[in-house]
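> To start, I am sharing the structure in question, which I have written as structure tokens.
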Amino acid sequence: MSDSLNRFMGEVGKAIKERAFSVKEELRTHRGSSEEPFLEGMLVAYRRTIGLMQEKAGECGIELRSISIDDIDPRRDLRSMKEV
């Protein structure tokens, strides 16, 4: 990949991961509110997105570290409180 594409993919991976953890925290603070179902859905979407990114990166021979998603296990790290 070109340097600019590498930087872009690293920044996208980092942003998605940060937003996923932000939604998880927001879900904790809105437990029992009308926002809860929406936030649960967002968390599921981020978990699936990061999982898909990891899967496809592996298939393409791209190191997860190069796209900033090597330090997250979406099934473990992005579970909602309902799934614990």
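The values are calculated or read from the model by the stated rules, or taken from the named source; none is laboratory data. Please read all numbers here as calculations on a predicted model, not as lab measurements. All Cβ positions, glycine included, derive from the backbone under ideal geometry; neighbour counts span all protein chains shown.
> Return yes when GLU36 is in contact (Cβ under 8 Å) with a residue 12 or more places away in the chain, under 20 Å from ASP77 (Cβ atoms), acidic (Asp, Glu) and surrounded by 14 or more Cβ atoms within 10 Å (Cβ to Cβ) and no when it is not.
No, not satisfied.
> If I filter region 42-49 for residues that are more than 26 Å from ARG7 (Cα to Cα) and in contact with a Ser or Thr (Cβ under 7 Å, 6 or more places away or on another chain), do I get at least one hit?
Within region 42-49, none of the residues are more than 26 Å from ARG7 (Cα to Cα) and in contact with a Ser or Thr (Cβ under 7 Å, 6 or more places away or on another chain).
> Another question, if that's okay. Residues in region 22-33 that are touching a residue at least 40 places away in the same chain (Cβ under 8 Å) and within 14 Å of ASP77 (Cα to Cα): how many?
Residues that pass the stated criteria total 3.
> Please determine whether any residue of region 1-13 is at pLDDT 95 or above and under 11 Å from the mean Cα position of the chain (by Cα).
The answer is yes, given that some residue of region 1-13 is at pLDDT 95 or above and under 11 Å from the mean Cα position of the chain (by Cα).
> Among the residues of region 2-55, which ones are in a helix (DSSP H, G or I) and of a type in the set (S, T, N, Q)?
SER4, ASN6, SER22, THR29, THR49, GLN54
> Let me ask something else. Among the residues of region 37-49, is any more than 21 Å from ILE69 (Cα to Cα), in contact with an Asp or Glu (Cβ under 9 Å, 6 or more places away or on another chain) and modelled with pLDDT of 95 or more?
yes
> Just name the residue that is nearest to MET9 (Cα to Cα) out of those in region 56-75 that are among the aliphatic types (A, V, I, L, M), part of a loop (DSSP other than H, G, I, E, B) and under 16 Å from the mean Cα position of the chain (by Cα).
Among those residues, the one meeting the criterion is ILE69.
> Still on this structure, please answer the following. In region 7-33, how many are β-branched (Val, Ile, Thr) and surrounded by fewer than 15 Cβ atoms within 10 Å (Cβ to Cβ)?
2
> Restricting the first residue to region 42-69 and requiring it to be on the phi > 0 side of the Ramachandran plot, which pairs with a second residue that is buried (at least 19 other Cβ atoms within 10 Å of the Cβ) and not polar (S, T, N, Q) meet a Cβ separation below 9 Å and a spacing of at least six or different chains?
Short answer, once both residue conditions are applied: SER68/GLY13; SER68/LYS17.
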